Amino acid sequence: MTSFLKPKIRRHNEPLNELGLARVDYEGNMSTLCAGCGHDSVTAAIVRAFYELSIPPHRALKISGIGCSSKTTSYFMNDSHGANTVHGRMPSFATGALSANNDLPTIGISGDGDSLSIGLGQMAHAMRRNVNMLYMLENNGVYGLTKGQFSASADLGSLPKKGDPNEFPAIDPVAFALSVGATFIARSFSGDRKQLVSLIKAGLKHKGFAIIDVISPCVSFNDHKGSTKSYAHTYEFYSKAVHADYIAPSQEIVAAYDEGEVMPVELHDGGYIQLRKLDADYDPTDRGAAFNRVMDSERKNEILTGLLFIDEKQPDLHETQNMEARPLNEIPYTELNPGADALSALQAEFR
């Protein structure tokens, strides 16, 4: 894809993370997306999350499919492992890569067209297998790369820039994820960087499949009156169910809350996600309650955001399939290839 190198400029006295890296060390190439595109705000949030978690860029994996959203991986962490894969096939590529090395913090970037049409089956099976990755779904309701046709996430009755209203009901990625077994499900808005950064950090630390559906308006083809994915519509109907903070194992948990109920959820790395419930009756650890709350928000035309569901008890794919814990590139060759006699013995077991 077309890209332009972004000059790396370090400011004097710039804050550094635990690795001695500045935020600019997590940036990538210059964006070629339209000015004002929500995807660029998502990229900025990803950069900040990886920087604040002090994840070495060369120890991370970033993968995408096809579409405007999938260009995002070019705009952060040039030193990471990465691939821009076939349309809708990003989850399969990630599954294979993580089967070889489940230690790499992995982020997959996709769009509503890439995920909810050609890639729907791919995404569903990655969810039900609980693949250990963070799936960022940049959702603008249209195919921006091909000039603004409605995607499967466009709401019924939503108006296009030109032409007739959308005649089909939308697929809600959050409701879909709840129905097929994803274990970390959140929704956010590209215009709310504070919430988005916290969710990305929590999603990266979750052991299993984490998805964040990010409403990310397309300024060229879906940011007009009558669109339900525009900046104006999202700001008007934005509703937070839960506020999430990720607290690293080494940090002190400080309680400072002004309303609602606090629910700490311990993660596998020893850190915590601290959930401040803005709706006192909402339980983000109850899949059925989360589904009902999501459906209720749709009936009220609310855009419900925050960490909507989490389950830290489900084993991820690696554990379920009893896969090798060591990355394959760290296993001695003699162990990977024990020789002809060992192969013959193995074949004899199946005769």
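The values are calculated or read from the model by the stated rules, or taken from the named source; none is laboratory data. Quantities reported herein were computed from a predicted structural model and do not represent experimental measurements. Ideal geometry is used to build each Cβ from the backbone, glycine not excepted, and the neighbour counts take in all protein chains shown. Note: areas computed on protein heavy atoms with side chains; ligands, DNA, RNA excluded. Shrake-Rupley method; radii C 1.70, N 1.55, O 1.52, S 1.80 Å.
Observations
- Residue pairs meeting the criteria (Cβ under 8 Å; at least 6 apart or on separate chains; first farther than 15 Å from Thr73 by Cβ, in the stretch 42-54; second hydrophobic (A, V, I, L, M, F, W, C) and in a loop (DSSP other than H, G, I, E, B)): Tyr51/Leu21; Tyr51/Ala22; Leu53/Ala248; Ser54/Leu19; Ser54/Leu21
- Scanning the stretch 78-112 for residues that are in contact with a strand residue (DSSP E or B) (Cβ under 8 Å, 6 or more places away or on another chain), open to solvent by 10 Å² or more (accessible area, probe 1.4 Å) and among the small types (Gly, Ala, Ser) yields Ser80, Gly82, Ala83, Ala97.
- Residue check, Lys313 within 30 Å of the chain's Cα centre (by Cα), farther than 30 Å from Thr106 by Cβ and open to solvent by 50 Å² or more (accessible area, probe 1.4 Å): no
- The residue pairs whose first member lies in the stretch 81-110 and is among the charged types (D, E, K, R), whose second member is part of a helix (DSSP H, G or I), and whose beta carbons are closer than 7 Å, counting only pairs six or more residues apart or on different chains, are Arg89/Gln122.
- Counting residues in the stretch 60-76 that are open to solvent by 30 Å² or more (accessible area, probe 1.4 Å), over 19 Å from Asn139 (Cβ atoms) and either of a type outside the set (Gly, Ala, Ser) or not in a helix (DSSP H, G or I) (or both) gives zero.
- Filter pass, Asn17 being in contact (Cβ under 8 Å) with a residue 12 or more places away in the chain and out of contact with any Phe, Trp or Tyr (no Cβ under 6 Å at 6 or more places or on another chain): no
- Filter result (among the β-branched types (Val, Ile, Thr) and open to solvent by 10 Å² or more (accessible area, probe 1.4 Å)) within the stretch 216-243: Val219, Thr228
- Leu308 being in contact (Cβ under 8 Å) with a residue 60 or more places away in the chain and open to solvent by less than 40 Å² (accessible area, probe 1.4 Å): yes
- Among (1) free of Cβ contacts under 8 Å to residues at least 12 places away in the same chain; (2) of a type in the set (Lys, Arg); (3) surrounded by 23 or more Cβ atoms within 10 Å (Cβ to Cβ), the one test that Lys201 misses: (1)
- Of all residues in the stretch 20-41, exactly one satisfies the criterion of being closer than 11 Å to Phe76 by Cα, of a type in the set (A, V, I, L, M) and in contact with a Phe, Trp or Tyr (Cβ under 8 Å, 6 or more places away or on another chain), namely Met30.
- Residue count for the stretch 117-155 under the criterion of being of a type in the set (A, V, I, L, M, F, W, C), over 26 Å from Arg59 (Cβ atoms), touching a residue at least 60 places away in the same chain (Cβ under 8 Å) and crowded, with 19+ Cβ neighbours inside 10 Å: the result is 2.
- The set of residues in the stretch 79-99 being modelled with pLDDT of 95 or more and hydrophobic (A, V, I, L, M, F, W, C) consists of Met90, Phe93, Ala94, Ala97, Leu98.
- Applying the criterion of at least 3 residues that are modelled with pLDDT of 80 or more to the strands (runs of 3 or more DSSP E) found wholly in the stretch 225-276 leaves 238-240, 242-247.
- The stretch 318-351: number of residues that are open to solvent by 30 Å² or more (accessible area, probe 1.4 Å) and assigned to a helix (DSSP H, G or I): 18
- Hits in the stretch 1-34 - residues which are of a type in the set (Lys, Arg), outside any loop (DSSP other than H, G, I, E, B) and loosely packed, with under 15 Cβ neighbours inside 10 Å: none
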